[in-house]
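Structure first, then comments.
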Amino acid sequence: MSIRARVFIDGEAGTTGLGIAARLRALPDISLISLDPGRRKDAGARREAMAQADLAVLCLPDDAARQSAELAASLGAEAPKLLDASTAHRTEPGWVYGFAELDGEQSGRIATAVRVANPGCYATGAIALLRPLVDAGLLPAAHPLTINAVSGYSGGGRTMIEAHEVHGGPAFELYALTLTHKHLPEIVAHAHLAAPPIFVPAVGHFRQGMLVCVPLHLDLLPGRPRAADLAAALAAYYPPTGLVRVLPAAAARLEPEALNDTDLMELRVVANEAQRQAVLVARLDNLGKGASGAAVQNIGLMLGLAAAAEREVVHA
C-alpha cells in the first residue's frame, strides 16, 4: 500500500510521543519521520523534518511547544499541520480543541483544522461529564463544583514513572494542592463553566488508568432533577457506538484500570436518590483516550485516515 501521509513527532522520546509513535507504526497509511537521538534538539534538523512532514506532533513542555509552533510557522507554505500534545494552546485562539466528541460538529472542525490542541487527560473526563449537562441547562455554568480524580503514575512524566517503577512510589498521593492544576483553564473553557471548579487530582501506584468524579447535590440544581435525568442527558449527547459511552450505574465498585490499552471512555451517573446525591464518573486510560489515543484519533481526522480516527483497541 502506498504511503499517504508523513508524520514527524517533535519530542518522540517522551511518554506521549512513544505512545503515539507505537500506534502510528501500526497504520500502513502513515510514515514516521524520525531524527537520530543526537539531533532531536537541533532546531535546524527539526525544521527540516517539519518541512518533509504533512503533520507534526508536538510532545514537548509548554514553552518548547510554543517555540516549535513558531519554527513550523517559519516554513510558510511548506509548514505542516500541527497537533500539540502540551497544555500550551488548549485555550488559544486559532487552535481547535482536539476532543472530537465535544459536540456534534467538533470532529469536522478538527478534520479541517491546521492547528489542533490535544486535550489533557483529566480535562477529557471532566468535560465529557460536564459539557452536556451545562448545555442542557441541568447544571448552571456558575454552579460550585468539585472534581476528584485519580490517575496512574504514567501521567506524571519520566521522573514520576521512575519513582514508582524503581523506588516503589507511594500507594496514593494528592497533588496540585495549590488548587491551580494546569488542566483547569481548558475545563472551564470547553465545559462552558463560568468559574474554575475545585479540582483535587491524585496519583495511585498503578501504571495507567483514570477515574474522574464530580459529586452533586441534586436538590441544589435547577428543577431538582433526578439522577436518571442527568444520565439521559449524557446518553442523548453521545452516539452509543462512539468512543465515549454512557453506561448504567450497575457496578458497586469501579476500578481505574478496566479500559487500559483502549481508546474508550465510559461515563456513569451513580446516585442515592433517597439522599438526593449523585456522582458523575468518567473512566478512561490516561495514555489512551487521555493522551496518545486521542492524538491518533485527531491525526486520523486531520489527515483523512478513518482507520486512525476510529480506533478502539490500541494494544493487545
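Things worth noting here:
- Whether a residue is touching a Pro at 6+ places or on another chain (Cβ under 6 Å), outside any loop (DSSP other than H, G, I, E, B) and modelled with pLDDT of 95 or more was assessed, and Val188 passes this test.
- The set of residues from segment 193-223 being part of a helix (DSSP H, G or I) and either open to solvent by 20 Å² or more (accessible area, probe 1.4 Å) or of a type outside the set (A, V, I, L, M, F, W, C) (or both) comprises Asp219, Leu220.
- Qualifying residue in segment 237-260 (condition: buried (at least 19 other Cβ atoms within 10 Å of the Cβ) and more than 15 Å from Gly125 (Cβ to Cβ)): no
- Verdict on Ala111 being open to solvent by 30 Å² or more (accessible area, probe 1.4 Å), within 22 Å of Gly288 (Cβ to Cβ) and in contact with a helix residue (DSSP H, G or I) (Cβ under 6 Å, 6 or more places away or on another chain): yes
- Among the residues of segment 261-293, the one identified as open to solvent by 30 Å² or more (accessible area, probe 1.4 Å), in contact (Cβ under 8 Å) with a residue 60 or more places away in the chain and either of a type in the set (A, V, I, L, M, F, W, C) or more than 21 Å from Thr146 (Cβ to Cβ) (or both) is Val279.
- Residue satisfying all of: in segment 104-125; assigned to a loop (DSSP other than H, G, I, E, B) and touching a Ser or Thr at 6+ places or on another chain (Cβ under 9 Å); nearest to Asp54 (Cα to Cα) among these: Asn118
- For His192, the requirement of being under 21 Å from Asp285 (Cβ atoms) and either in contact (Cβ under 8 Å) with a residue 24 or more places away in the chain or among the basic types (Lys, Arg) (or both) is not met.
- Residue list for segment 151-171, restricted to those being open to solvent by 60 Å² or more (accessible area, probe 1.4 Å), of a type in the set (Gly, Ala, Ser) and within 21 Å of Glu12 (Cβ to Cβ): none
- Applying a threshold of 9 Å to beta carbon distances and a minimum spacing of six or more residues, or different chains, the list of pairs starting in segment 233-245 at a residue that is under 12 Å from Ala282 (Cα atoms) and ending at one that is open to solvent by 20 Å² or more (accessible area, probe 1.4 Å) and basic (Lys, Arg) reads Leu234/Arg268.
The values are calculated or read from the model by the stated rules, or taken from the named source; none is laboratory data. As the structure is a computational prediction, the values presented were derived from the model and not from experiment. For neighbour counting, all protein chains shown are included, and Cβ atoms are generated from backbone atoms with ideal geometry for every residue, glycine included. To get the accessible areas, we keep the full protein, side chains included, count just its heavy atoms, and leave off ligands, DNA and RNA. Shrake-Rupley method; radii C 1.70, N 1.55, O 1.52, S 1.80 Å.
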